[in-house]
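First up is the structure itself, then whatever we jot down about it.
Readers should treat all values here as calculations from the given coordinates under stated rules, not as data from a laboratory. Just so you know, these numbers come straight off a predicted model, no measurement behind them. Reconstructed Cβ throughout: ideal geometry from the backbone, glycine too, with neighbour counts over all protein chains shown.
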Amino acid sequence: MASCIVGGRTLAFERHGAGPPVLVLNGFAATRNDWDPSFIAALAAERELVCLDHRGIGGPPGDGLAFTIEDLAAG
């Protein structure tokens, strides 16, 4: 698992494959690990996938601070 800081918050992600990048986002309460491995492998055969966890879901624990949909869209 890799991580990056966006807007002062740490977000977890993984990269798979090589080629033009595709950002892979789950539904709100799912994590980057919920994707079917065969689906990820098929896409990663021709593209670089960046599978991102939403804030407070999956990766580093959340900070407990309230946030809005606009905050999620910003990072």
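Taking Ala30 as the residue in question, decide whether it is over 16 Å from Val6 (Cβ atoms) and in contact with a His (Cβ under 6 Å, 6 or more places away or on another chain).
No: the conditions fail for Ala30.
Within the bounds of segment 14-21, is there any residue that is touching a residue at least 60 places away in the same chain (Cβ under 8 Å) and touching a helix residue (DSSP H, G or I) at 6+ places or on another chain (Cβ under 8 Å)?
The answer is no; no qualifying residue exists.
For residues in segment 1-43 being polar (S, T, N, Q) and under 10 Å from the mean Cα position of the chain (by Cα), which is farthest from Thr68 (Cα to Cα)? It would help to see each step written out before you state the result.
So in segment 1-43, the residues polar (S, T, N, Q) come out as 3, 10, 26, 31, 33, 38.
Checking which are under 10 Å from the mean Cα position of the chain (by Cα) leaves us with 3, 26, 31, 33.
Working: Ser3: 21, Asn26: 18, Thr31: 19, Asn33: 24 Å.
Result: Asn33.
Among the residues of segment 19-38, is any of a type in the set (Lys, Arg) and in contact with a Pro (Cβ under 8 Å, 6 or more places away or on another chain)?
no
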